[in-house]
1. For a quick size check, give me the Cα extents of the chain along its three principal axes, largest first, whole Å.
2. Which FRET efficiency value, to the nearest 0.05, is calculated for R27 and E127 with the Förster distance at 41 angstrom and r the Cβ-Cβ distance?
3. To the nearest 500 deg cm²/dmol, what mean residue ellipticity at 222 nm is calculated for the chain from DSSP H runs of n ≥ 4 alone, each contributing -39,500 (n - 2.57), summed and divided by the residues?
4. Enter the angle in degrees (range 0 to 90, nearest 10) between the Cα long axis of helix 111-123 and the first principal axis of the Cα atoms of the chain, meaning the one along which they spread out most.
5. Express the relative contact order of the stretch 66-147 as a whole percentage, based on alpha carbon pairs under 8 Å and six or more residues apart in sequence.
6. Starting at the first residue of the stretch 25-33, write each ³J(HN,Hα) from the Karplus equation 6.51 cos²θ - 1.76 cosθ + 1.60 with θ = phi - 60°, in whole Hz, x for Gly and Pro.
7. Please identify, among A38, A119, A24, the residue showing maximal mean-square fluctuation in a Gaussian network model of the chain using a 10 angstrom Cα cutoff.
8. To the nearest 10 degrees, how steeply does helix 97-109 sit against the main Cα axis of the chain, on a 0 to 90 scale?
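A short reminder: the numbers here are calculations on the coordinates, not readings from a lab. Just so we're clear, the structure is a prediction, and the values are computed from it rather than from any experiment. Cβ coordinates were reconstructed from backbone atoms using ideal geometry, including for glycine residues, and neighbour counts include every protein chain displayed.
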Amino acid sequence: MRVVLAGAALDEASAREARAEEAANPRFTWLGPLRFGATQARMAAARVLAMTSRAEGGPAVVSEAIAAGLPVLATRIPGARSLLGDDYPGLFEVGDEAALAALLARCEREPEFLAALRAAVERRAEEVSPAHERACIAALLADLAHA
């Protein structure tokens, strides 16, 4: 398995750390910021997505992964838990690098674990579909109109 990191660094220290890891680790590549289409292409080619965000903005990519049928490993933050479910087997605590490494190793070595993640994501796909989102927006607007 290779780890391919897409996204801008939060600060110069993070960029230095990513460049150092890339230089030292042949299984790690940092792509930097990508356009949406390039990100989608990378996701389509991936076996698993690791969402390591500490902030609630991160789960937007979880929705994209669910829509694409891509298994996810995610930090146990409220946004990711609400999308994947509290019992989703690919959740880990924020900052727990050992737990993330163990989950990545399981994805690499245990095809049945990766298949279980994929099946769990596929069960959530309807919740992120455009039709479901339109229905939720319509219901919200109807509630507001009657408030």
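1. Principal-axis extents of the Cα atoms in the chain, largest first: 60, 37, 27 Å.
2. With a Förster radius of 41 Å, E is 0.80.
3. Estimated from H runs of four or more residues: -17000 deg cm²/dmol.
4. Between the helix axis and the principal axis of the chain, the angle is about 30 degrees.
5. That works out to 36 percent.
6. 10, x, 9, 10, 9, 10, 8, x, x
7. Answer for the Gaussian network model of the chain: A24.
8. 90
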